[in-house]
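First comes the structure, then the notes that go with it.
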Amino acid sequence: MTRSPLKRLAGMAPAGVLGLLCVAAAAPGLLVPVSPGALDLPYLAPGPQHLLGTDNIGQDLFSELVYSARISLCAAFLASLVSTSLGVLVGLAAGYLRGLWDEWLMHMTDVFLLLPGLPLIILLAAYLNSGLTGIALVIGLTAWPSTARVVRANVRQMRQNNFIRSAEAMGAGPVYIMLRHILPNIYPLVLAKGTLAAASAMVAEAGVSFLGLGDPHYRSWGAMLHEAFTSGGLLNGCYWWYLPPVACISATVLSLTLVGQRLIDPDDVPPVPARPVPSPYCSDDHKVPSKEMLRVKDLSVDFLNADGVLSRAIDHLDLTVLRNRRLAVIGRTGSGKSVLLLALMGLLPQNAVISGRILFKGRDLATLPEKAFRKLRGRDLSYVPQGAGSALNPLLRVGYQVAEQARAHQRMSRGEAMERAVRMLRKTGIPEAERRSRDYPHRYSGGMIQRALVAMGLISGAPLILLDEPTKGLDPANRDALLHILTQMDDRTLVAVTHDLGFAERFAQQVVVMLDSRIVEIAPSNRFFNKPLHPYAMALLRAQPRHGLQVLASSETGSLQAPGCPFRNRCGKAFSKCHTMPPLVDMGGHWVRCWRYDPKSTQPA
């Protein structure tokens, strides 16, 4: 949105006022030729020699006003620095760590919010008697709670973005993520709260000094007002003594407030999409056979809704992933495919309830502590999220984000990691990779973002790579290029969630079909695409263009609350026993969950 010249000028005016005041505070001799200690006749009215007149002992008030700017601004900015730093620290920790940290820090914040600010400042300033620095520290230590609450709310929203999940997936710790990924994205808010805190601190310091509790060795605008009122300036009609400090305090506070509001409410603030939030788990040790990369046993994942009701996303899932194999998980949206990947990475939302076992390298990932999980992410397990708008950090260059994985887990120098990142971007189909590695994500198309995410997942060298919709947003040529890269990785185990059955057929050595939280079919790729067994899998393949786009009339399947096969309402061969959930039946290495293949089942002819 373009702004008119008048509005632009109005927006620049507060910054201009603050700039002039800062110049006056830094170099007062440039504005006033007369030292504030020089004496003349007392109570002189404003004139050419003394622009604002003199006080009761003959000091030039204009010189005193300019020199006092340094004291007032230093006190305000020091107090703002203290309150903003403390508020940001508390808000970051509470918003990102959550749990007991969040609860304890927010209780402490609530206690400080209940304390009356100005009376407490006056009381501490009177009894501590620690000078200008002490007054600024007291003001700062009583003004941080509002900043902490605002920062916490923004961090809770920011940490739900996919680029935070990507950083967690590479094993980055909380301190690194908060300082490198979250804090740069909320710095406009931090600056805004800092300017607003400076405005409040200036008013508080002026009030304390006006009451005579300020540092007697330094003269601020508040101290000038104290001197004017205690020396009879008001009674003698010397308006030139007390009005200028009032005007300077008002102009500074107004300018700081307007600049702060401008930072908080810019013309165009992009919305931050909500995403799930990670959660920690507890630990255990189990052995996994050498041919198995991963074994999932009786895994169930439920989400606790706001009304206290559990909603099941994965229901008693059993799956074995062999080493150096490529597996594709297919099924309709909402069947639990992406939730399965998040469960394997330990990145489920905080309201998720998980049961069962996920055995990987002798450990049960379902009960692994978060600190131990971070050592596995990126090094042993790599995750490629979907290429949504929040998948990359908008404030970091793409090449830097790709290189992060290599630097974190392979002890590379920054130059070596960047060279490898450029090679990986080139390998995944990014044109002019060296130049484009220096671009920010907003200059990438959706397909390029997806390719950059794949590069991030592959660069770490993790033996198990989980890909969520890796071909989303790619044109056929780039999809084929990515497919060629993935199929050449015979030394890695790849698990890809996809809706692209053409990609799954060419990529996978094994196919897993999920429907409404359960696995309904597991088969070698060639057997599955030539002769699927489950009616739902048959319907998926018939809906492909090469099979004539034979789409079923209704998208309704079943209900998770209703017992039995979730596809029975649309299956032309359903019978009475389909109201009971069938087991997975082994048909010679081709597993299917359907009563028609159960040798113990009796069905109508």
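Each reported figure results from applying straightforward, stated rules to the coordinates on display, with no laboratory input. None of the values given here were measured: they were computed from a predicted structure. Here Cβ is always computed from backbone atoms with ideal geometry, including for glycine, and neighbour counts include all displayed protein chains.
With contacts taken as Cα pairs under 8 Å at a separation of at least 6 residues, segment 394-450 carries a relative contact order of 45 percent. Compute the angle between helix 414-427 and the longest alpha-carbon principal axis of the chain, please, reported from 0 to 90 degrees and rounded to the nearest 10. Once rounded, the angle reads 40 degrees. For Leu100 and Leu211, FRET efficiency with R0 = 51 Å and r from the beta-carbon atoms, rounded to 0.05? In this case the efficiency is close to 0.80.
Just the number, please: percent antiparallel of the DSSP beta bridges in the chain, rounded to the nearest 5. If you can, show how the numbers build up before the last one.
On the way: 32 of 50 bridges.
The answer is about 65 percent antiparallel.
Over the chain, the reciprocal of the mean inverse Cα-Cα separation, the Kirkwood hydrodynamic radius, stands at 28.7 Å.
Taking other Cβ atoms within 10 Å as a rough exposure proxy, Ile465, Ile459 sort from fewest to most as Ile465, Ile459.
Rg of the Cα atoms in segment 394-450, relative to 2.2 N^0.38 Å, amounts to 1.05.
Residue separation times 0.36 nm, minus the C-alpha to C-alpha distance between Val23 and Leu179: what's the value? Mind dumping the intermediate values first?
Details: separation 156, 0.36 × 156 = 56.16 nm, distance 3.20 nm.
Length difference between fully extended and current span is 53.0 nm.
Could you list Ile449, Ile519 so that the one with the fewest beta carbons within 10 Å of its beta carbon is first and the one with the most is last?
Values: Ile449 21, Ile519 26.
Ranked by crowding around the Cβ, least crowded first: Ile449, Ile519.
As a rough footprinting exposure proxy, the listed residues Cys22, Cys565, Cys248 were ranked by other beta carbons within 10 Å of their own, and the order from fewest upward is Cys22, Cys248, Cys565.
Suppose only helical runs count, i.e. DSSP H with n ≥ 4. What mean residue ellipticity at 222 nm does that imply for the chain under -39500 (n - 2.57) per run, divided by all residues and rounded to the nearest 500 deg cm²/dmol? Write down the numbers at each step before the final one.
Working: 21 runs with 280 residues, N = 605.
Helix contribution divided over all residues of the chain: -15000 deg cm²/dmol.
Considering the options Val512, Gly502, Met489, tell which one lies farthest towards the positive end of the dipole of segment 474-535, charges being +1 on Lys and Arg and -1 on Asp and Glu at the Cβ, about the Cα centre. After comparing all options, I get Val512. What angle do you read, to the nearest 10 degrees and between 0 and 90, between the alpha-carbon axis of helix 61-97 and the longest principal axis of the chain? Roughly 20 degrees between the two axes. A Cβ-based charge dipole, computed about the Cα centre of the chain with Lys and Arg at +1 and Asp and Glu at -1, lands at about 3120 debye.
Nearest 10 degrees, 0 to 90: what angle lies between the long axis of helix 221-230 and the longest principal axis of the chain (Cα atoms)? Its long axis makes an angle of about 40 degrees. Amide H contacts for Arg323 (H built 1.01 Å from N in the peptide plane; partners 5 or more residues away or on another chain; cut-off under 5 Å): Glu292, Met293.
For His484 and Lys297 in one chain, what is 0.36 nm times their gap in residues minus the Cα-Cα distance, to one decimal in nm?
Values: separation 187, 0.36 × 187 = 67.32 nm, distance 3.20 nm.
Working it through step by step, the gained length comes to 64.1 nm.
Between Asp307 and Glu434, what is the FRET efficiency for a Förster distance of 51 Å, r being their Cβ-Cβ separation, to the nearest 0.05?
Numbers: r = 53 Å, r/R0 = 1.04.
Once rounded, the FRET efficiency stands at 0.45.
Sort 451-458, 177-184 by packing, meaning the average of other beta carbons within 10 Å per residue, with the highest value first.
Details: 451-458: 27.6, 177-184: 17.9.
Order by mean packing, descending: 451-458, 177-184.
Charged neighbours of Pro470, selected by a Cβ distance under 12 Å, balance to +1 (K, R count +1; D, E count -1). A crude spin-label estimate for the pair Gln157 and Val246, with each label 7 Å from Cα along the Cβ direction, gives 4.0 nm.
Can you tell me the length gained on complete extension of the stretch Ser413 to Gln350, counting 0.36 nm per residue apart and subtracting the Cα distance?
Result for the pair: 19.2 nm of gain on full extension.
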